[in-house]
1. Lys and Arg at +1, Asp and Glu at -1: add these up for the other residues within a Cβ distance under 12 Å of Pro246 and post the number.
2. Gain in length, Asp58 to Val293, computed as 0.36 nm per residue apart minus the alpha-carbon separation, to one decimal in nm?
3. Before anything else, pin down the relative contact order of the chain: Cα pairs under 8 Å, at least 6 apart, normalised by residue count, whole percent.
4. Would you order Glu47, Glu135 from fewest to most other beta-carbon atoms within 10 Å of each residue's own beta-carbon?
5. For a quick check: with amide H placed at 1.01 Å from N, whose amide H comes under 5 Å from Met28's, ignoring anything fewer than 5 positions away on the same chain?
6. Using a 10 Å cut-off around each Cβ, can you sort Glu280, Glu241, Glu348 from fewest to most neighbouring Cβ atoms?
7. When only C-alpha pairs under 8 Å and at least 6 residues apart count, what is the relative contact order of the stretch 2-102, in percent?
8. What residue among Met385, Met87, Met292 has the largest mean-square fluctuation in a Gaussian network model of the chain, using Cα springs under 10 Å?
Amino acid sequence: MRVLLVGAGGVGTAITRIAARRPFFEYMAVADYDMARAESAVAALGESGARFGALRLDASDPAAVRAALEEHRCDVLLNATDPRFVMPLFEAALAHRVHYLDMAMSLSRPHPSRPYQECGVKLGDAQFDRSADWEAAGRLALVGMGVEPGLSDVFARYASDDLFDEIDEIGIRDGADLTVDGYDFAPSFNIWTTIEECLNPPVVYEKGRGWFTTEPFSDPEVFDFPEGIGPVECVNVEHEEVLLVPRRLDARRVTFKYGLGDEFIGVLRTLHKLGLDRTEPVSVESGAGDVMVSPRDVVAACLPDPAGLGERMHGKTCAGTWVKGVKDGRPREVYLYHVVDNQWSMREYGSQAVVWQTAINPVAALELLAGGVWGGSGVLGPEAMPPRPFLDLLTEYGTPWGMREQ
């Protein structure tokens, strides 16, 4: 396997550090718009970086992406950029007839008149619309293969296959007790993506009704997270699992709730009120004349890079899938989860917990694809794949998952 990794930010860099320890691939080309960042990711690998190379690449330019795939003889494109670049990379991979993986799917657009009741364009719609073309090409686009979506979908499939006869609800629940020294506000993940998913209308799925939307941050509940994290208030947030899981698994309801906290929600609401969540450029006066800037890009530029916060960060992050239903005629409720301690991930990999937890999943997926354990063609989510080999491989990587009977 030869891989083109596009994006050498926090998650992309963590991918290189995890993959460097595994023998399943021949070469990984690490590409970024900022050549220095790509070079830094490769240089940090030291002697274990012999199978890696750095290059500059504009992810929005499909022709340039195809040229990079050709030059480096890659048969897989792994997308570690933010969701703005999903479609050009997805289309370039299809045009060049290589497999494709991402961790976030094509962007949604709210319903024009009823945004908090009905779906408009849903996350991933643009990709699933092309599934027949991927099937005709005999290539696989494995979408949403991070931790959430990704591992959370694998947990859902495992629960459906092995733990339940009937499922009432599959609910993704994400929470943490992370703190960052020296910052009043410092998101642990890409703020551009965080604003997108937190301020868009959340989607809920119900069997018989299908997908529908609700208000951002709606339906708060307190969820007790394992391994010492404890109770965290979680709220509805737009996320890919709600759009992926019902395509394959039979559940009466599917939800996603995120433990954001009152302060974080307050900041996001303020950004929205001020229009600072907008992506459309606005004209700003400067000494050199008017310049066009995206308000959301300005917010991102003013905040610390999440990848560089690891030394100041403390605590644990938990991603998991809560499932309620019936097994052998009796009610059952479980929480399947994966916890990463920031102190451990920094010590072992030099990557902070949130980006490391995201990064390990596409690497494990690539290994299963390379070995022929996972496969297929078309546009598929992680819930379409056999779950047990992935969960076993996660444990082999030294980061086991857990299950708690509720």
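1. Values: positive: Lys122, Lys207, Arg209, Arg247, Arg248, Arg252, Arg253; negative: Asp153, Glu169, Glu206, Glu240, Glu241, Asp250, Glu383.
Within the 12 Å Cβ shell, the charges total 0.
2. On the way: separation 235, 0.36 × 235 = 84.60 nm, distance 1.88 nm.
Contour length minus Cα-Cα distance gives 82.7 nm.
3. Numbers: 888 pairs, mean separation 80.0, N = 406.
With pairs under 8 Å counted, the relative contact order is 20 percent.
4. Values: Glu47 6, Glu135 15.
Going from sparsest to densest Cβ surroundings: Glu47, Glu135.
5. Val3, Phe52, Gly53
6. Values: Glu280 9, Glu241 28, Glu348 14.
With the fewest neighbours first, Glu280, Glu241, Glu348 line up as Glu280, Glu348, Glu241.
7. Numbers: 185 pairs, mean separation 31.5, N = 101.
Relative contact order of the stretch 2-102: 31 percent.
8. Met292
No value in this document is a laboratory result; all are computed from the given coordinates. Owing to the predicted nature of the structure, the values given are computational and were not obtained by experimental measurement. Cβ coordinates were reconstructed from backbone atoms using ideal geometry, including for glycine residues, and neighbour counts include every protein chain displayed.
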